[in-house]
1. When the dipole is taken about the Cα centre of segment 294-413, and only Lys, Arg (+1) and Asp, Glu (-1) are charged at their Cβ, what size is it in debye, to the nearest 20?
2. Mind listing the long-range amide H neighbours of His294? Cut-off is under 5 Å, sequence gap 5 or more, other chains count too, H placed in the peptide plane at 1.01 Å from N.
3. Modelled label-to-label distance, Ala272 and Phe290, 7 Å Cα→beta-carbon offset: nm?
4. Run through segment 317-365 and list the trypsin sites (Lys or Arg not before Pro) located in a DSSP loop whose Cβ has at most 13 other Cβ atoms within 10 Å.
5. What's the magnitude of the charge dipole for the chain around its Cα centre, counting Lys and Arg as +1 and Asp and Glu as -1 at the beta-carbon? Answer in Debye, nearest 20.
6. Between segment 313-372 and segment 122-177, what is the C-alpha centre distance in whole Å?
7. Take the Cβ-Cβ distance between Arg259 and Asp143 as r, set R0 to 35 Å, and report the resulting FRET efficiency rounded to the nearest 0.05.
8. Which one, [x] 30, 29, 19; [y] 31, 27, 23; [z] 36, 26, 20, gives semi-axes √(5λ) of the Cα gyration tensor in Å as derived from the coordinates shown?
Amino acid sequence: MPSTRPLRTAARLLATAALAALMTLPGGPAAARADDTARAAAAAPPELLIGQSTRAAWDDFQSFGQNADGGSVYYELRSGNWVNDAHRSYATLLAQQGRTIQVGISWKDNPPGFTGGDENAKAARSRAVTAEIAAGGHTASLDRLLAFTDAYPTARFKLRLDYEVSSFYHCTDASCSSYKNAFNRLAAYLDARSAAHNLEYVFHPVRGEFEALYPGDAAVDWMGVSIFAHELCLPIHDRGYLYNGTPPQNYDVNAAQCRNAYIGTDSNGNPAAVWRNFDHDANVLKLVKFARDHGKPVVLSEAGMMNFTADSGTTDGLEPQRADQWIQRLFSLIDYQGPIPNLPGVHDLRGVIRSVVYIDLDFRYGWDGIADGTFDFPPDTAWFVDARLSRYGAAKASFCQGLASHGFTARCR
């Protein structure tokens, strides 16, 4: 069904004539829905958001950079409030400056009505909540957020209607109509009540399930994806084991993490499977292509380093060599041109990724990166890493070069 959402930005008004022309094309008005968001994103410089929860990340970037476009925080349905006061405070700081705030609206992490149990029980409750949202429930939990977004009409809000969504946490049947309908229901509720019309909606799936859970072109403004280590084909150590569970003594950490076949040609020019090492996960490349094919810009909604060495003999959390490699691969994803595993042809994905959320935090102290004298993660685990760019030389230089060469407004001083 065509959306009746109002145009939310000046760019939407400028795109009205173009949208009217598109109404006559195959696919009709639903296919033209939110085309103005994509046009505005394509016309503007790519944006840098500093995440993911507190102003500690913002302050670290400000120590060597300037002109970041905004940041990222979290809000939950269960309490109908920000995850904690630090998130609210950071959102306020950004909103007062008229910046962009990505808000992760969560129910899978702390489902309303969940009273305890293992992860399977929590996931079952999350799936039930998803169905309840699709039927019109839990919408009042967003009223506090609506009051906040209306209080800052010059700010822009990218709302992730839950994040890293998956069939395990959000689908009650094979079609996943529960999540699709929940996404559309929440977007419609928010738009109908937004006075500032400064809201955009992000579909942020786990990288392998983007097609199955896609809510449709009419509701989605942005597609989101998380970029950590595996997504950039780098090793992750956790308690002596690599991400794929292989003992390190039997594995070369410098070996390729993503070796895949793509459809190329043999010496005679005939189609043939060709093996190569990739610097980017196949499902990430396919998600970006899917977004391009649907006319949606991509936001890297969570992008941050992990522990690549798990060296329990040090507690500084620094990964200088891998950090620089991670940064370089992050920016090479933004202007990717090349093959995609199991798909024919060469694919030009340049210009699709229009927003990057870099989590500039010291993860050793937890997801909010707030140092309290004790480590939240043991030194030999995947998240024991200091991801603050100010702590690095080469990685920071690569980040600064990437901002400049890719046309970001944010710059290093």
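What follows draws every value from the coordinates through simple rules; no lab data is involved. Every value quoted in this text rests on a predicted model; they were computed, and no experiment measured them. Every residue, glycine as well, gets a Cβ built from its backbone with ideal geometry; the counts of neighbours run over all protein chains shown.
1. Numbers: 11 positive and 14 negative charges, 134 e Å.
My answer is approximately 640 debye.
2. none
3. 3.2
4. Numbers: sites: Arg322, Arg329, Arg350, Arg354, Arg364; in loops: Arg350.
Loop-located and lightly packed - Arg350.
5. Details: 38 positive and 44 negative charges, 218 e Å.
Roughly 1040 debye for the chain.
6. So the separation of the two Cα centres works out to 26 Å.
7. Details: r = 50 Å, r/R0 = 1.42.
It comes out at approximately 0.10.
8. Evaluating semi-axes √(5λ) of the Cα gyration tensor in Å on these atoms matches [y].
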